[in-house]
Amino acid sequence: MQHAGRAAEIRAVGIGKSFGSFQALKDLSLDIGRGEFLTLLGPSGSGKTTFLMILAGFEAPSEGRLFSDGVDITDQPAERRSSGMVFQGYALFPHMSVEANIAFPLKVRRKPEQEIRRRVAEMVERVGLKGHEHKLPSKLSGGQQQRVALARALAFEPGVLLLDEPFSALDKSLRGQMQAEMKRLHEETGTTFVFVTHDQSEALALSSRVAIFNHGELLQVGTPQEVYERPGNRFVAEFLGEINMLPLRDVRPAGDGVRGLCEDREIALRNAGGGARTDALLAIRPEHMSIAREPGPQENGIAATATSSTYLGSATRLELTTRGGAKVTVSVPTETARQALGEDGGVWLTWPQDRGFLLPASG
Ligand SMILES: Nc1ncnc2c1ncn2[C@@H]1O[C@H](COP(=O)(O)OP(=O)(O)OP(=O)(O)O)[C@@H](O)[C@H]1O
Ligand SMILES: [Mg+2]
């Protein structure tokens, strides 16, 4: 089923969607590359499904245009688009067998009987459902039903596969299995995948790029590394995982980065990006911070006191309060915690100069 040549390239330009006076999507522009695995990530109600429905042609945008391989498809009905869709909840036809479910999109497209039989057999094999062809969906497990939904969406070799939280109904281990399966299907088919989730670790693990939505706005698009390590704003930084924030004063350019005052200690930040501001927030992921009796010569450090310590085996999770009153969380090797913590919990909080990023002080 190698058909990378068919994978579609999608371009959304200034897409908006209003339901009455409510704006569900605002001025959304996004390029989705051929064969890309793009994930739409955002909290409930942020507009992910609405955008997917517009890509599929089930909803018309109120503003903007949509292109597939350079062709304007904004007014093209869903059945004429080359997109397969797996819905939030699997939406299989309950009265049809596994085989008939997978064959359905091929029949709608009036493919020859022989081709339908061949494709269905191929898809059944590919998603590991051999021997289950004649069963009704109600006789299948959740994971098996999800495989049928995937097979049905991929059966006609769509240019783009749209997946709306396909695994939300599955338990954790099955979810892991299906994620691996979806990744494999993406690699094997070369199809463009647009995948919706509100699970940030799922987004980071699976995608070539992640698009972060909030309140109908596309806030940032980038590789998992870019959005996690260089978030463009506070919402993105906090949505993607735990983050410590320290006020930074008197920020000024220095070499390839900036310097500034963090609780009266001079600290350096390399590759700061984003332009220096007089006052800012220095944001650092917990795994990029450590503790020590003294900061090393090339390290940043500020004084803090551990207020709670949770033993997790090889790691210890510490909650600290800095002298200036900021709350910080770190996870360090248990041995480090034993050696560094003073009797009274006093310790230096340390981090390398090339870790962390600046966010606006307010907003
Ligand atoms: N047909 C509709 N009529 C009116 N409002 C709608 C309609 N469809 C969606 N909305 C509203 O648009 C907003 C975005 O909805 P959408 O379903 O796109 O969110 P989502 O990001 O997919 O959320 P979830 O993670 O909960 O699935 C919501 O506030 C929703 O109530
Ligand atoms: Mg949704």
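The values are calculated or read from the model by the stated rules, or taken from the named source; none is laboratory data. Since the model is a prediction, treat every value here as computed from it, not as a measurement. Neighbour counts are summed over all protein chains in view; Cβ atoms, including those assigned to glycine, are modelled from backbone coordinates with ideal geometry. Just so you know, the surface numbers come from the protein's heavy atoms only, side chains and all, with ligands and any DNA or RNA stripped out. Shrake-Rupley method; radii C 1.70, N 1.55, O 1.52, S 1.80 Å.
Points worth noting:
- Checked against (1) within 15 Å of the chain's Cα centre (by Cα); (2) under 16 Å from I15 (Cβ atoms); (3) open to solvent by 10 Å² or more (accessible area, probe 1.4 Å), P43 passes all but condition (2).
- Members of the range 187-242 that are basic (K, R) and either surrounded by fewer than 18 Cβ atoms within 10 Å (Cβ to Cβ) or not in a strand (DSSP E or B) (or both): R230, R234
- Flag for L269 being at pLDDT below 95 and in contact with a Gly (Cβ under 6 Å, 6 or more places away or on another chain): yes
- Where A153 falls short, out of the listed (1) more than 22 Å from V13 (Cα to Cα); (2) over 24 Å from the mean Cα position of the chain (by Cα): (2)
- Neighbours by Cβ (under 8 Å, 6+ apart or cross-chain): first from the range 54-70, free of Cβ contacts under 8 Å to residues at least 40 places away in the same chain; second β-branched (V, I, T) and surrounded by fewer than 19 Cβ atoms within 10 Å (Cβ to Cβ): A60/T74
- Subset of the range 18-27 that is farther than 27 Å from L204 by Cβ and within 16 Å of ligand 2 (Cβ to nearest atom) - its residue that is least open to solvent (accessible area, probe 1.4 Å): F19
- Enumerated helices (runs of 4 or more DSSP H) restricted to the range 35-148, each holding at least 1 residues that are among the small types (G, A, S) and within 16 Å of ligand 2 (Cβ to nearest atom): 48-56
- Residue count for the range 161-174, restricted to those that are open to solvent by 10 Å² or more (accessible area, probe 1.4 Å) and modelled with pLDDT of 85 or more: 1
- Hits in the range 109-139 - residues which are open to solvent by 80 Å² or more (accessible area, probe 1.4 Å), within 10 Å of V98 (Cβ to Cβ) and touching a residue at least 24 places away in the same chain (Cβ under 8 Å): H134
- Filter result for G255 (open to solvent by 50 Å² or more (accessible area, probe 1.4 Å), more than 11 Å from the chain's Cα centre (by Cα) and more than 29 Å from G16 (Cα to Cα)): yes
- In the range 194-214, the residues that are in the same structural domain as T49 (by TED's automatic domain parsing) form Cβ pairs under 6 Å with partners that are surrounded by fewer than 19 Cβ atoms within 10 Å (Cβ to Cβ) and among the hydroxyl-bearing types (S, T, Y), at six or more places apart or across chains, as follows: R209/T223.
- Hits in the range 313-328 (condition: closer than 18 Å to L282 by Cα and surrounded by 17 or more Cβ atoms within 10 Å (Cβ to Cβ)): L320, T322, A326, V328
- Only one of S331, S308 that is among the polar types (S, T, N, Q), modelled with pLDDT of 90 or more, over 22 Å from V236 (Cα atoms) and open to solvent by 30 Å² or more (accessible area, probe 1.4 Å): S308
- Test result for L30, within 21 Å of A203 (Cα to Cα) and either more than 16 Å from ligand 2 (Cβ to nearest atom) or in the same structural domain as V120 (by TED's automatic domain parsing) (or both): yes
- Of all residues making up the range 21-34, the number that are within 15 Å of ligand 1 (Cβ to nearest atom) and in a loop (DSSP other than H, G, I, E, B): 1
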